[in-house]
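See structure below.
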Amino acid sequence: MTLTCGRHRLDLSYPRVMGILNVTPDSFSDGGHHLVPDDALRHAERMLAEGAAIIDVGGESTRPGADPVSPQEELDRVAPVVEALVRELDALVSVDTSCPEVMREAASLGAGMLNDVRALEREGALSAAIGSGLPVCLMHRQGEPHDMQQAPRYDGPIEEAVADYLAGRVATCEAAGLRRERLLVDPGFGFGKTVEHNLRLLHRMERLAELELPLLVGMSRKSMIGKVLARPVEERLPGGLALTALAVERGARILRVHDVGPNVDAVNMTWAVLKEGC
Ligand code: YH5
């Protein structure tokens, strides 16, 4: 129930919140192409004060239709921010990357976790992750960001497809020498899934709990909320809080979110009720 994340230990005996820190040029920029680590640092500081246990730093936009980013560009975006968060805030930093070079550099800069939306499928990623010594989140997806939302379909129940895929990746990682104690799994909401797929996957998430690994979920502001409620991205927080409560009830142990304070309250309130059943 405790994950060793570099020099940090993460207690997962209760659900924790991971704050999202995007370092793509459209998020922190001075109007040109210079990232501003100071803004990123202040945003992270606020998320930690609001109760985030982890800061997830991502330099590749994996939104549907996003352009690919070179490893060097991703490294240039992510490395200064990881370094600053570790040095200035002693934060538990997770790095949202599929790129082996970024994994290695992040680990050497003091990151505590790797978060890979491609579940270490890129060439060299599995051995880079093993070498990092860090825990890794393996996420399910169908297709690649540029085409994944075109016509997602699954033969049979989606939760079975997702559970089978994740079990297969866990087996591959273990066979390569990545210890089970270092793995987390994530159903990958929005990654090659229709709204109906996403809703069913959350409804049946107990199927994924059968993998007996910590479950991480990311639904914050995603289009499943937008489509059900007909809300633009800036009005999706209440819908997201409902999903957070349901995910906690169905076994999620890390909630990856933009709005940390409100989600910490939703998690803690839900947990207070669930604890009564222990
Ligand atoms: C995830 O689910 N997602 S990046 C579209 C949006 C809002 C948010 C407005 N990295 C996940 O956050 N890592 C991303 O619509 C992730 N799990 C894990 N482990 C996409 C994202 C987003 C996309």
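Apply the a/c threshold of 1.5 to the C-alpha gyration tensor of the chain and tell me whether it is rounded, prolate or oblate. The shape class here is rounded. When both the stretch 128-203 and the stretch 218-274 are represented by their alpha-carbon centers, they are found 20 Å apart. Taking 7 Å steps out from each Cα toward its Cβ at Arg63 and Val195 produces label points 1.9 nm apart.
Label-to-label distance for His203 and Glu144 is 3.4 nm, based on points extended 7 Å past Cα in the beta-carbon direction.
Note on the chain: dipole from Cβ charges, positive end direction compared against Pro135, Leu178, Leu229; the farthest Cα belongs to Leu229.
Charge dipole (Cα centre; +1 on Lys/Arg Cβ, -1 on Asp/Glu Cβ; no other charges) of the stretch 70-154 amounts to roughly 300 debye.
Each stretch of four or more DSSP H residues adds -39500 (n - 2.57); spread over every residue of the chain, this sum gives -13000 deg cm²/dmol at 222 nm.
Values quoted throughout were computed directly from the atomic coordinates according to the rules given, and no laboratory measurement underlies them. Given the structure is predicted, the values throughout are model-derived calculations rather than measurements. Note that we place each Cβ from the backbone using ideal geometry, even for glycine, and neighbour counts take in every protein chain shown.
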